[in-house]
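The values are calculated or read from the model by the stated rules, or taken from the named source; none is laboratory data. Bear in mind the structure is a predicted one, so any value in this text is a computation, not a measurement. All accessible areas refer to the heavy atoms of the entire protein, side chains included, with ligands and DNA or RNA removed. Shrake-Rupley method; radii C 1.70, N 1.55, O 1.52, S 1.80 Å.
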Amino acid sequence: MTNASTSPFAVLNQTTAHSFNEQKNLIKRVFKGKPVQCPSCNQTLKVILPETAKAEQAAGIFCPKGCTDIELDMQAVAGI
């Protein structure tokens, strides 16, 4: 029998939680107005808001090279 801390699901859950928290912190830093570099290529990330998004372009946080691509559902905050 495998130990709960070494089971494949425990490792997957731990990795997923770590990745989620990293992304959440990156989003927080970007929305605070601080320049944030892409973790892969070190280029400055840019925010595309729904008002400035072109047709068929999603709102979110993007890297010019495409390394970081975080689409955000901004419809929930659009009505505020």
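At q = 0.17, 0.23 Å⁻¹, what is the base-10 log of I(q)/I(0) for the chain according to the Debye formula with one equal point scatterer per Cα and no solvent? Please give it to two decimals.
One equal scatterer on each Cα of the chain leads to -0.76, -1.10.
Once neighbouring chains are kept in place and the probe is 1.4 Å, which whole percent of the accessible area of the chain is contributed by carbon and sulfur? Could the numbers behind the result be given before it?
Details: 3450 of 6340 Å².
Summing carbon and sulfur atoms, their accessible area is 54 percent of the total for the chain.
Find the accessible area per residue for the chain; the probe is 1.4 Å, ligands and nucleic acids are left out, and the unit is Å². Walk me through the numbers on the way to the answer.
Working: 6340 Å² over 80 residues.
Computed with neighbouring chains in place, this is 79 Å² per residue.
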